[in-house]
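Visitor: The following block contains the structure, expressed as structure tokens.
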Amino acid sequence: MLHGIRFATPWAFMALLLIPAVILYLWRFGKPGTVRFSTIGNVKRAGASFRTTFAMLPLALRILAFFLIVVALARPQQGHEKIKDVTKGIAVEMVLDRSGSMGTEMDFFGQRSDRLGVVKKVFSEFIMGNGKSLKGRPNDLVGMVAFARYADTMAPLTLEHGALMRFLESVKVVTRQNEDGTSIGDAIALAAARLRTAEEDLSRHVQESGGKEYEIKSKIMILLTDGQNNYGRRAPAEAAELAKEWGIKIYAIGVGGSEAVRTVRTLFGDFKVPVAEGVDQETLQQVADITSGRFFMAEDEKSLRQIYEEIDKMETSEIESVRFVDYKELFASFALAALCVMMLEVALANTIFRKIP
């Protein structure tokens, strides 16, 4: 946006008070000598020449040059307002349990789907929005860790949420027995390590993409699991202490009930078969408390969505518009104009308006 002209040193205009003083002095004391004639009628009839008509032109040019010099000394500046949007977003690390028990059925809009599928769909709504209660998180830096017996980084922290959704599609329930298990502690530690270096990842992303300025407002981890920690080198509480040290808040969500069951179809009908001991609510509550987070239980798709809605309200992003004015110096134009006027005045005073003593 173009701003008007301002003067950096307006006190310089006080020098313009010299102009009326000089004019007054010339009017009272600068009159040329006079010669008396008996009559000047013939002179009047002869008319005025070009030199006599514009005799004051050199003086007028000198006054104009002085005025332009004063304006240049006042340092005129023209401003251009620039608006820079600074996004203050949240670094979110999604930690998904993909152990065998996550293949247990769960209600989703009246239909049965495995727990991991429901978790992925509602998480997608949380990030991308569903046009209703969840508006999406377009300004958040989001990454993803998945775990069973081992914890793996599925997606780095990124603002490109479309790419993140493709990584989400690749997360599947483990099928091999030697990969099954639930290493909650290792998953928390890995996600915390990714969030710790979020600023470095963000800086690299902005440099590569030339993106807008971004500031990480806070760091959170959303942990979803339906089981109990039974593998890994770190205990969940130990990993939570590490997250707390790095300023990371954990929202722990237990998926399912006290027992995990799977429907098995046989010739004699469908039977519910227990496949795990269920959610270790005590451990998840402890993990959340250590990091000043929250613990939730989700029995179905509806309750899971409500949990995300609550998290969405607690963790808000914002865009701050920083306005500043970039000023361009204009004094050189006035100084150059003053020089040109002075050169014209000198040229006229020494040619057409030259006076012989």
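The values are calculated or read from the model by the stated rules, or taken from the named source; none is laboratory data. As the structure is a computational prediction, the values presented were derived from the model and not from experiment. Note that each Cβ is placed from the backbone with ideal geometry, even for glycine, and that neighbours are counted across all protein chains shown.
Visitor: Hey, any hits in segment 141-156 for a residue that's farther than 26 Å from Gln306 by Cβ, of a type in the set (A, V, I, L, M) and either in contact with a Phe, Trp or Tyr (Cβ under 9 Å, 6 or more places away or on another chain) or not in a loop (DSSP other than H, G, I, E, B) (or both)?
Guide: Yes: segment 141-156 contains one or more residues that are farther than 26 Å from Gln306 by Cβ, of a type in the set (A, V, I, L, M) and either in contact with a Phe, Trp or Tyr (Cβ under 9 Å, 6 or more places away or on another chain) or not in a loop (DSSP other than H, G, I, E, B) (or both).
Visitor: Could you pull out every one of the helices (runs of 4 or more DSSP H) wholly within segment 213-326 that has 1 or more residues that are closer than 22 Å to Glu105 by Cβ and either basic (Lys, Arg) or modelled with pLDDT under 85 (or both)?
Guide: Once the helices (runs of 4 or more DSSP H) in segment 213-326 are filtered for at least 1 residues that are closer than 22 Å to Glu105 by Cβ and either basic (Lys, Arg) or modelled with pLDDT under 85 (or both), what remains is 301-314.
Visitor: While we're here: Could you grab the pairs with beta carbons closer than 6 Å, sequence gap of 6+ or different chains, first residue in segment 87-109 and surrounded by fewer than 23 Cβ atoms within 10 Å (Cβ to Cβ) and assigned to a strand (DSSP E or B), second one of a type in the set (D, E, K, R) and at pLDDT 90 or above?
Guide: So the pair list comes out empty.
Visitor: Which pairs turn up if I take residues in segment 232-246 that are assigned by TED's automatic domain parsing to the domain that holds Phe147 and look for partners that are part of a helix (DSSP H, G or I) and of a type in the set (S, T, N, Q) with beta carbon separation below 7 Å, at least 6 apart in sequence or on another chain?
Guide: Every condition considered, the pairs that remain are Pro236/Thr283; Ala237/Gln286.
Visitor: Is it the case that segment 62-75 has a residue that's at pLDDT below 80, out of contact with any His (no Cβ under 8 Å at 6 or more places or on another chain) and not assigned by TED's automatic domain parsing to the domain that holds Leu164?
Guide: No, there is no match, as no residue in segment 62-75 is at pLDDT below 80, out of contact with any His (no Cβ under 8 Å at 6 or more places or on another chain) and not assigned by TED's automatic domain parsing to the domain that holds Leu164.
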